[in-house]
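These notes are about the structure you will find just below.
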Amino acid sequence: PDGRQLAWLDGAGAVWLAPLTLEAPTPLGAPRAALASPDQRYASLAWSGAGEHLVLVGAGGASLSVMAIGDPAGQPVSLLQPGESLADAQLGLSASQPDRVVALVRTPGRARAELTAIDIATGARQMVDRNRQGFSAFYLDGLNRPRLARQYGPAGDALWRFDADARRWAPLLQMTPADSLLTKVAAVSADGASALVFESVDRERAMLVS
């Protein structure tokens, strides 16, 4: 986030880290493998809000780990408890809450995945939304507050919005199965008042709307 380092995944799912230096003849300094073990492979990564950790998601949401980038010998630390997994790979990471990651966590024995805030350093948890509606994905604002949610269904997906005044979820957009394939929430504004959505409901092609 501060523009000093670059992290990426290679084709095998290994994590690499390199400094960005203006003095170097190329934009990249010497890259190094942040994770050398061949059994550690990840599907996506993101920076923590403070830029001090990499947040790593395993294939299929099987794992959620963090790694401190300041420790060259550091190894990923799991944020999930035994048997848990992610129901959705989207994460809530915000500079306003730099020590937290918000994730939709699936726990054995519970009927629905729950939106949970996890402290990166301690692993302490706080419930954000118990997901009584059975949503498949949440979209958060700049304060890691859920503002939109998606519900998968055989007759088409539905988007819901959180009514802050009424303190409840309300339906926003119902999609056909074909429209569901082309509809995607691109971003929620920092204040949660608006969102950018790619959608094709009642159109011949997808459009970006807010």
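Computed with the Debye formula from one identical point scatterer per Cα of the stretch 76-180, without solvent, the log10 of I(q)/I(0) at q = 0.13, 0.18, 0.22 Å⁻¹ comes to -0.50, -0.91, -1.22. Only helices enter the 222 nm calculation for the chain: every DSSP H run of n ≥ 4 contributes -39,500 (n - 2.57), and dividing by all residues gives -500 deg cm²/dmol, rounded to 500. Measuring nothing but how far apart in sequence close Cα pairs (under 8 Å, 6+ apart) lie, relative to its length, the stretch 130-183 scores a relative contact order of 24 percent. Relative to the Cα centre, the charge distribution of the chain, modelled as +1 at Lys and Arg Cβ and -1 at Asp and Glu Cβ, gives a dipole magnitude of about 520 debye. Here the stretch 75-122 is assigned +1 on the Cβ of each Lys and Arg and -1 on the Cβ of each Asp and Glu. Its dipole about the Cα centre then comes out at about 140 debye.
Once divided by 2.2 N^0.38 Å, the Cα radius of gyration of the chain becomes 1.11. Here the accessible area of the stretch 50-195 is 52 percent carbon and sulfur, with a 1.4 angstrom probe and all protein chains present. Distance from the C-alpha centroid of the stretch 53-84 to that of the stretch 96-147: 16 Å, rounded to the whole angstrom. Remark: the stretch 64-177 carries a charge dipole of roughly 420 debye about the Cα centre, counting +1 on each Lys and Arg Cβ and -1 on each Asp and Glu Cβ. Of the residues Ser78, Ser48, Phe135, the one whose Cα sits farthest toward the positive end of the charge dipole of the chain, with +1 on the Cβ of Lys and Arg and -1 on the Cβ of Asp and Glu, is Phe135. In the chain, Cα pairs under 8 Å separated by at least six residues give a relative contact order of 9 percent.
The values are calculated or read from the model by the stated rules, or taken from the named source; none is laboratory data. For clarity, every value in this text was computed on a predicted model and none was experimentally measured. All Cβ positions, glycine included, derive from the backbone under ideal geometry; neighbour counts span all protein chains shown. Ligands, DNA and RNA are stripped out before the accessible areas are found, and what is left, the full protein with its side chains, is counted by its heavy atoms. Shrake-Rupley method; radii C 1.70, N 1.55, O 1.52, S 1.80 Å.
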